[in-house]
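Worksheet: one structure, shown below.
Rule-based calculations on the coordinates, nothing more; no lab input. What you are looking at is a predicted structure, and each value in this text was computed from that prediction instead of being measured. Counting neighbours? That spans all protein chains shown, and the Cβs are built from the backbone with ideal geometry, glycine included.
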Amino acid sequence: MDPWIADCTALGEHRLALIGSFTSAADWQQRWPAPQHDWPFEWGTCWKACFVLPVPDFAAEVGFFIDLLGCAVNAAWEDHVMLMSPDGAFTFTLTRGQPGALPPGLRLELMLGNLTAAAAALAARGVPHQPLGAPWGEDSPMRTCELLSPSGLPLQLWGFVT
């Protein structure tokens, strides 16, 4: 194994070993070690970070994310479209992919402050989705709403409901 990768693995294994030892969020905040190095990057002016997603049904994904979910377009070309949330906090690029191009296990998760309203808006727009779920039981205020994009990308929406 490359020594650089071995070093990264050792650092990661140390952090992962700590996870089970925390007794509360406060304990985690107190005992979680700071990174060994500071963030070396300065954000640009157009967008901060972007992942590229090759999708098998490019046109359907463009329509879904822009017209049904309300994403803004930051840039567009014939074979890729850079999308973002209206406030620019979240950015991603769709590109034309081959059939079955979605990587296994890929899922988009969004933490929302208005999960109930978002689920109602999806229903009103005709977007198929599962009803709000309670992954940690009905006593927990955390809920999820799950849906699939036209190419089968799972989207999981998270939020607290009272």
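Here are some notes:
- Loop-located chymotrypsin sites (Phe, Trp or Tyr not before Pro) in segment 64-129 whose Cβ has at most 14 other Cβ within 10 Å (DSSP): TRP77
- Simple Cβ-charge dipole of the chain, Lys/Arg +1 and Asp/Glu -1, about Cα centre, in debye nearest 20: 240 debye
- Pairwise centroid distance, computed over Cα atoms, of segment 1-68 with segment 69-110, Å: 18 Å
- Structure-based [θ]222 nm, the chain - -39500 (n - 2.57) summed over DSSP H runs of at least 4, per residue, nearest 500: -7000 deg cm²/dmol
- Most mobile listed residue (GLY44, GLY70, GLY88) in the chain, GNM with C-alpha springs under 10 Å: GLY44
- Relative exposure of MET1, MET111, MET142, MET82, judged by other C-beta atoms within 10 Å (fewest first): MET1, MET111, MET142, MET82
- Once the GluC sites (Glu not before Pro) in DSSP loops with at most 16 neighbouring Cβ atoms within 10 Å are cut out of the chain, the longest remaining piece is 79-137.
- Against the main long axis of the alpha-carbon atoms of the chain, helix 115-124 sits at an angle near 20°.
- To the nearest ten degrees, helix 3-19 and the longest principal axis of the Cα atoms of the chain are 90 degrees apart.
- DSSP assigns beta bridges within the chain; of those with both partners inside it, close to 65 percent run antiparallel.
- Footprinting exposure proxy ranking of CYS46, CYS71, fewest other C-beta atoms within 10 angstrom first, gives CYS46, CYS71.
- Pairs of Cα atoms nearer than 8 Å and 6+ residues apart set the relative contact order; for the chain it is 18 percent.
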